[in-house]
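Here the structure comes first, spelled out in structure tokens, and everything after it is commentary.
The values are calculated or read from the model by the stated rules, or taken from the named source; none is laboratory data. Remember, predicted model here, so these are calculated numbers, not experimental data. Cβ placement follows ideal geometry from the backbone for every residue including glycine, while neighbour counts extend to all protein chains displayed. Quick note on the areas: whole protein, heavy atoms, side chains included, nothing else; ligands and nucleic acids left out. Shrake-Rupley method; radii C 1.70, N 1.55, O 1.52, S 1.80 Å.
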Amino acid sequence: MKAGKDPEATVVADSALIVMLVCVAGGAVLGWVVKLLARWLVSLPWAPFQGPAKLLNSFPEPGLTVGVVAVGALAGLLLGLTALHESLTVTVSDTQVTLSTRDETQVVERGEIALAFKDGKQFVLLGHHGGEAAREETDLSAKRLARAFTKHGYGWADADPHDDAYRLWVPGASGLPDGANAVLAARAKALKADKGGDAREMRKELARFGVVVRDRDKRQYWRM
């Protein structure tokens, strides 16, 4: 798939059609399962949620089945639109890499990129002095990304070359610049509260201290 403005660019992105089909179909199936579950629950007097289950089963067929499947499909449609909005699109050309997600676009010039790789569920552009030019959450295939980057002559690695340098952050950790512990403490709270936008902004703030951070199960690991 080619980028619009640069016919030589390679775009790596989730297929909108596949995402929507999966989400809508999954929602419809889930709605049908809810109907079956409600029917099963009313047959068990001791089971919880008797009220909602009886209410659902009070609707006549085939309207009940059509209704729950339609509601499930609509929920799947909304989920699919959200997933596409938050998914990462990577556009690779000979001169730059463009990362688009949510309503944000980041352009990284080729000269700023030493290496690209997948780090678990995150895609990383590594700079020439050990810092990160970009780090974004994505389910994009590492193989697809690797093909795009090697096609345009960028370096690609199968793992983070600085993996051994990361240390688990604990409050008051030694070896960090003044002020970095405070940012990491605030970021830990943001991760716990699922405030991804705040955590992203604080990652940028840590980069100004010369600190690189990555997350594992809402725990922070850092290196200089």
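Suppose R0 equals 35 Å; then what is the FRET efficiency for ALA193 and ALA159 from their Cβ-Cβ distance, rounded to the nearest 0.05? FRET efficiency, ALA193 to ALA159: 0.70. Annotation: aspartates and glutamates with alpha-carbon distance below 12 angstrom to LYS218 (same-chain offsets under eight excluded): ASP194. Need one word for the chain: rounded, prolate or oblate. Basis is the Cα gyration tensor (sqrt eigenvalues a ≥ b ≥ c); a/c below 1.5 gives rounded, then a/b vs b/c decides. Oblate, since a/c reaches 1.5 and b/c is not below a/b. Heavy-atom accessible surface of the chain, averaged per residue, reaches 58 Å², computed with a 1.4 Å probe. Were the residues from GLU61 through ARG39 laid out at 0.36 nm apart, the gain over their Cα-Cα distance would be 6.7 nm.
Each residue, LYS151 and ALA186, gets one label point 7 Å from its Cα in the Cβ direction; the gap between the two is 4.1 nm.
Report summary: the helix-based calculation at 222 nm, which adds -39500 (n - 2.57) for every DSSP H run with n ≥ 4 and divides by the residues of the chain, gives -14000 deg cm²/dmol.
A crude spin-label estimate for the pair ALA16 and THR101, with each label 7 Å from Cα along the Cβ direction, gives 2.0 nm.
Can you send over the carbon and sulfur percentage of the accessible area for the chain, probe radius 1.4 Å, protein chains only?
Percent of accessible area from carbon and sulfur atoms in the chain: 62.
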